[in-house]
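Participant: Can you read through this structure? Questions will come right after.
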Amino acid sequence: MKTNTQLPFSYDRSQPFFERLNEWIGDVFYDILPEAGLELRDEQIYMAFQIEKAFIDKKIMFAEAGVGTGKTIAYLLYALCYARYMRKPAIIACADESLIEQLVKKGGDIDKLSNILGLTIDVRLAKSKDQYLCLQKLDEERSKDEYDEIYDDIHVDLPAFVHSNQTLQSFYHYGDRKEYAHLNDKEWNKIGWDSFQDCFVCDKRHRCGQTLSREHYRKSTDLLICSHDFYMEHVWTYDSRVREGQLPLLPEASTVIFDEGHLLEVAAQKALTYKMRHDVIEELLTRLLENDVREEFAVLVDDLISQSFHFSYVLRDHSKKVEGSGRKEISFSKELLGEANRLVELIARLEDEIVFESEMYTIDAYQLKIVEEHLDMIHHALKIFVSVDNVISWVEEGETSVTLVIMPRLVEEVLKEKVFSKKLPFLFTSATLSTNGSFDYLASSIGVKDYLSFSVESPFEYREQMELFAPVVQSVTDKVHYAKALLEETDGKALLLFRSEEELQQFKQLTIEDHDFAKWDLLFEGDQEISQLISNFQKETNSVLCALSLWEGLDIPGESLSNVIIWSLPFPPNDPVFAAKRNAAQDSFKEVDIPYMLLRLRQGLGRLVRSHQDKGIATIFDEQLYEDHNLLTVVKEILPEGVKLQTKR
């Protein structure tokens, strides 16, 4: 078996690399894969040789490939060979953590290629911070008067080195969300890392599963797989981490591939988001007062803590609930902006005073640096907030705290400078990258001007493989009635896709009340870790998976998924992010709501047919289809070729 430092074909560095790679790729598709039992797909071969242009010219490429093209194997071959040629890992960024797991699972595309080609592929996962156990939060939860015993079990099962001084001899993986698949999302959130954890001052940081995993994945020589969110966090934190003397979150890459690349803008906005909470600011500043500081400095710190506390109350009074969203809308007023500006001024004064205080050497230099970094971030975020025009902001209210969330309206300029200015092959893949045959909409939203592109249709015979229905429904009761009949027809084996958390929870409650649903094993997103939920659905053939986030990427060929039910057309949520997009558009329904909905609908319908052998039913429940003729027309226009939208079975 070849080692992971060798190219999978004979190559002399005096030869043209891409010429030899091209020959080997041809051998793989025309001989090696068919001999291993994989079908020869013209669409896949066409895609592969189109992708090659991006690698030769080190350009950005939008590769739109229909369902069943085999796009993953096509880009993996190039990513692996190019990584070994350049001696730097290829980064593959997936839309979310569940898609990462699908890519690396046993029997997945990487595993297949490894076995067929006789290669040991060094593939490592770089998971987002919130996918790891926080030892501090676990201790805090267990210190409460009343807590669930499951947290004691988790504490007992921690590796011995976490609570001892023994030296760690080799990498030990622990603390991953996947290891606690039995916890529902609410239970996990009590002990999982969140953005308000200050890892810099954590005395357990060198024994933390998240930290240890980072040291491990950075050494990948072939493939490094992460989420869009994590890649964007790497980009935005790169400069500050270098300033602090830390390594960037990800190593230097030979190429970056964005799977489900149409979702990158959302990840970029999310990563650039700032979150502010009074208790975190207070805890941060109180550390300074534990030192021997000047009286005027201490007074200024107290003033800032008081203003932060006051601002949080004014913010709460100026926020109101938005129907269909967990985010509260902010009502900007002279009073709110005045209090925010006062906070900005106090932070600026304190930053100046910290410079003077640092020269007194009364505060630990490392601790002072941490406070400076946090204050700088808060100062920057608040200056964006008070500018109003270039920001999207909202409030999230917990049981005991108010969180101000600040997000930039546009990210294309930052992406253009921080990401796409690099001379690297950047590859975007998805079945839905273009709008009306053009890639300009996606390109402009992420700051890309010069790019290569191509589209290749799905090889599937949808006319024979998919039946599509949109019955006339007028209420939730109608939807439940039809859903029950459809589940009876396929005896489960269904994926139900919901537009919002409220819809999913409403359906969950209705199935509890209606005993007819008890005959099927209903799996609800949020009740378990998502990749475990998907695995259970695939194994338990007659189960039903009810999900909010699986419109993209879910790949389950065979009878386990024979029925897709779309609970309502997936229009964008009623939240501040899309409110800002709508406000900036001339015709918000046509320019924002419809394109988003059609793209997501295409993705949702694409979950049904995943192989030439698959057959099934897809159903859309939405009364708007028969109330708005134009809406019905645009939906019909994006359906797979040969598929008719029928009203009755």
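The values are calculated or read from the model by the stated rules, or taken from the named source; none is laboratory data. Since this is a predicted model, take the numbers as computed values, not measurements. Positions of Cβ are backbone-derived with ideal geometry, glycine not excepted, and every protein chain shown enters the neighbour counts. When the accessible area is computed, the model is the full protein with side chains, heavy atoms only, and any ligands, DNA or RNA have been set aside. Shrake-Rupley method; radii C 1.70, N 1.55, O 1.52, S 1.80 Å.
Participant: Can you list which of the trypsin sites (Lys or Arg not before Pro) found in the range 96-138 are DSSP loop residues with at most 13 other C-beta atoms within 10 Å? If you can, show how the numbers build up before the last one.
Facilitator: Working: sites: 105, 106, 112, 124, 127, 129, 137; in loops: 105, 106, 127.
Within the range 96-138, the qualifying trypsin sites (Lys or Arg not before Pro) (loop, at most 13 other Cβ atoms within 10 Å) are 106.
Participant: Using the heavy atoms of the protein chains and a 1.4 angstrom probe, tell me the accessible area per residue for the range 308-391 in square angstrom. All intermediate terms of the calculation are to be shown ahead of the outcome.
Facilitator: Working: 4690 Å² over 84 residues.
Heavy-atom accessible area per residue stands at 56 Å².
Participant: Let me ask something else. Given the alpha-carbon gyration tensor of the range 192-270, what are the semi-axes of its equivalent ellipsoid in whole angstrom, ordered largest first, with each equal to the square root of 5 times an eigenvalue? Don't skip to the end; give the middle numbers.
Facilitator: Working: eigenvalues 100, 52, 33 Å².
Square roots of five times the eigenvalues give 22, 16, 13 Å.
Participant: Once both labels are modelled 7 Å past Cα along the beta-carbon direction, what's the residue 645-residue 286 spacing in nm?
Facilitator: Each label point lies 7 Å from its Cα, and together they span 5.7 nm.
Participant: Please list, in chain and number order, the residues 5+ apart from residue 391 or on another chain whose amide H is under 5 Å from its amide H, with Hs placed from the backbone.
Facilitator: When sequence neighbours closer than 5 places are left aside, the close amide H contacts are 409.
Participant: Would you grab the residues whose amide H sits under 5 Å from the one on residue 643? Only those 5+ places off in sequence or on another chain, please, with H modelled 1.01 Å from N.
Facilitator: none
Participant: With a probe of 1.4 Å, find how much accessible area the range 474-525 has per residue, and write the answer as a whole number in Å².
Facilitator: 51 Å²
Participant: Let me ask another. Using a 1.4 Å probe on the protein chains only, how many percent of the accessible area of the range 75-122 belongs to carbon and sulfur?
Facilitator: On the way: 750 of 1500 Å².
Carbon with sulfur: 50 percent of the solvent-accessible area.
Participant: What area, in nm² and to one decimal, does the C-alpha convex hull of the chain cast on average over all directions? Walk me through the intermediate numbers first.
Facilitator: Working: hull surface 127.3 nm².
One quarter of the hull surface, i.e. the mean projection, equals 31.8 nm².
Participant: Could you work out the helix-only [θ] at 222 nm for the chain, with each DSSP H run of four or more residues adding -39,500 (n - 2.57) and the total divided by the number of residues, to the nearest 500 deg cm²/dmol? Working shown, then result.
Facilitator: Values: 24 runs with 281 residues, N = 649.
Roughly -13500 deg cm²/dmol at 222 nm, from the helical runs in the chain.
Participant: Quick one: check the C-alpha center-to-center distance for the range 98-142 versus the range 269-307, whole angstrom.
Facilitator: That distance is 37 Å.
Participant: Rg over Rh of the range 295-347, using C-alpha atoms and the Kirkwood radius, what does it come to? All intermediate terms of the calculation are to be shown ahead of the outcome.
Facilitator: Working: Rg = 13.8 Å, Rh = 12.3 Å.
Using only Cα positions, Rg/Rh for the range 295-347 is 1.12.
Participant: To continue, here is another question. Which of rounded, prolate or oblate describes the range 1-54 when judged by the alpha-carbon gyration tensor and an a/c cut-off of 1.5? Walk me through the numbers before you get to the answer.
Facilitator: Details: a/c = 2.46, a/b = 1.31, b/c = 1.87.
Taking the square roots of the gyration eigenvalues as a ≥ b ≥ c, the range 1-54 is oblate.
Participant: Share of the range 330-426's accessible area from carbon and sulfur, percent, 1.4 Å? Don't skip to the end; give the middle numbers.
Facilitator: Values: 2560 of 5030 Å².
Ligands and nucleic acids excluded, carbon and sulfur reach 51 percent.
Participant: Also, quick follow-up: I'd like the Karplus ³J(HN,Hα) series for the range 34-47: coefficients 6.51, -1.76, 1.60, θ = phi - 60°, whole numbers in Hz, and an x wherever there's a Gly or Pro.
Facilitator: Each residue's phi maps through the Karplus curve to give x, 5, 7, x, 8, 6, 7, 10, 4, 4, 5, 5, 4, 4 Hz.
Participant: Per 10 Å bin, what is the whole-percent P(r) computed from every C-alpha pair distance within the range 491-626?
Facilitator: It works out to 12, 39, 33, 14, 3, in whole percents.
Participant: Next question. Could you please tell me the mean projected area of the C-alpha convex hull for the range 383-443, averaged over all directions and given in square nanometres to one decimal?
Facilitator: On the way: hull surface 29.7 nm².
For the Cα atoms of the range 383-443, the hull's average projected area reads 7.4 nm².
Participant: If I stretch the segment between residue 157 and residue 335 completely, what's the gain in nm (0.36 nm per residue apart, minus their alpha carbon distance), one decimal?
Facilitator: On the way: separation 178, 0.36 × 178 = 64.08 nm, distance 5.13 nm.
This chain segment gains 58.9 nm when fully extended.
Participant: Report the gain in length on full extension from residue 140 to residue 457: 0.36 nm times residue separation, minus Cα-Cα distance, nm rounded to one decimal.
Facilitator: On the way: separation 317, 0.36 × 317 = 114.12 nm, distance 5.29 nm.
108.8 nm is the gain from fully extending residue 140 to residue 457.
Participant: Using mean Cβ contacts within 10 Å as the protection proxy, how do 240-248, 485-493 order, highest first? Write out the running numbers ahead of the final one.
Facilitator: On the way: 240-248: 11.8, 485-493: 17.1.
Descending mean neighbour count gives 485-493, 240-248.
Participant: Per residue, how large is the accessible surface of the range 138-280? Use a 1.4 angstrom probe and give square angstrom.
Facilitator: Values: 6950 Å² over 143 residues.
Per-residue accessible area for the range 138-280 comes out at 49 Å².
Participant: Now for a separate question. With a ≥ b ≥ c the root eigenvalues of the C-alpha gyration tensor of the range 237-326, is it rounded (a/c under 1.5), prolate (a/b larger than b/c) or oblate?
Facilitator: On the way: a/c = 4.89, a/b = 1.38, b/c = 3.54.
Oblate, because a/c is 1.5 or more while a/b does not exceed b/c.
Participant: What aspartates and glutamates sit close enough to residue 219 to cross-link, taking a C-alpha to C-alpha distance under 14 Å and skipping anything fewer than 8 places away on the same chain?
Facilitator: In chain and number order, the partners are 122, 252.
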